[in-house]
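The structure appears right after this line, and notes come after that.
The values are calculated or read from the model by the stated rules, or taken from the named source; none is laboratory data. Please read these numbers as outputs of a predicted model, since none were measured by experiment. Here Cβ is always computed from backbone atoms with ideal geometry, including for glycine, and neighbour counts include all displayed protein chains.
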Amino acid sequence: MKKYYKVSFQYSESVYCSNIAHAEAVEDVETHYSKYPWISVSEAADHEVTAAQRKGMPIVECDHIEPEETTRSEEGIDAEIEANEAEMVSAYMAAIRKNIGQMSQRSAWDRGVTAYALELVDGIEEAIAGGWFYLSDLAAPAMLRRQMLNGAEDWSQYSWGGCSLIYDQDIAERLCTPSELTKTRHGERKPNTREEWLDVQRRALTQAAERVQRAAKAVMAMPFREVMTRA
């Protein structure tokens, strides 16, 4: 008969996570999580299982593995864990994109800022896939901002350093209304007396990063069940 187990494990060098697992034996849970460098498994109390179900957290089903099948199944276990992680990342990133899309889109400027924000989200997802940023880091504003900046000190350096659009025409067409495009000859003229187009892009990127931060905060506070329904 299967029991519920509380599992704590080291997801990365500095990130630790907890799950509720459902298995016939503690050995099955340990095998399922054997990919991670450190794990701790104990029987879950009823209130811990109830709390996980109420929050919509996933309960991991661990199949029973006969001793002679353990070695043969190791690659399959790793693939299953990676598939579950990829599905979770995809769901959270989709929910963040949807949240950003629900923010103001009334003006050409708003729509341009959204385009920059979605590009930043693409970069975050690539970083998670590459293993140098983790899903749990989305809940840490400072870490999220550092990842979005991609090595730049601030959004001015990001814009002027070629990390986003580099041509005046492209920036103007992303952020301006038709009348503004006509006035500036699609970016041939300066946007105003105080700025270059890369300065205007810096302002848009600053707002885009703020939108990503707000969306990430909102999504990471949701029960996992709700995140899945938004994906």
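Conditions tested, residue by residue: (1) exposed (fewer than 15 other Cβ atoms within 10 Å of the Cβ); (2) over 20 Å from the mean Cα position of the chain (by Cα).
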position	(1), (2)
Ala142	yes, no
Arg174	no, yes
Ala218	yes, no
Met228	no, no
Residue among Asp168, Asp110 that is over 24 Å from the mean Cα position of the chain (by Cα) and at pLDDT 95 or above: Asp168
Options Ser164, Ser136: the member that is of a type in the set (Ser, Thr, Tyr), surrounded by 21 or more Cβ atoms within 10 Å (Cβ to Cβ) and in contact with a Phe, Trp or Tyr (Cβ under 9 Å, 6 or more places away or on another chain): Ser164
Residues satisfying the stated conditions in the range 26-41, i.e. polar (S, T, N, Q) and either out of contact with any helix residue (DSSP H, G or I) (no Cβ under 8 Å at 6 or more places or on another chain) or part of a helix (DSSP H, G or I) (or both): Thr31, Ser40
Residue count for the range 92-110, restricted to those that are surrounded by 18 or more Cβ atoms within 10 Å (Cβ to Cβ) and under 24 Å from Ile128 (Cα atoms): 7
Sole exception among (1) within 20 Å of Met220 (Cβ to Cβ); (2) at pLDDT 85 or above for Cys17, by number: (2)
Condition check for Ala117: outside the structural domain of Val29 (by TED's automatic domain parsing) and either touching a Leu at 6+ places or on another chain (Cβ under 6 Å) or free of Cβ contacts under 8 Å to residues at least 60 places away in the same chain (or both): no
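Just to be sure before I move on: is Asp28 in contact with a strand residue (DSSP E or B) (Cβ under 9 Å, 6 or more places away or on another chain), outside the structural domain of Ala139 (by TED's automatic domain parsing) and free of Cβ contacts under 8 Å to residues at least 24 places away in the same chain in the structure I sent?
Criteria not met by Asp28.
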Answer from Glu153, Glu173 - the residue that is out of contact with any Asp or Glu (no Cβ under 9 Å at 6 or more places or on another chain), at pLDDT 95 or above and more than 18 Å from Val113 (Cβ to Cβ): Glu153
Residues (loosely packed, with under 15 Cβ neighbours inside 10 Å and either under 35 Å from the mean Cα position of the chain (by Cα) or under 15 Å from Ser107 (Cβ atoms) (or both)) located in the range 187-199: Glu195
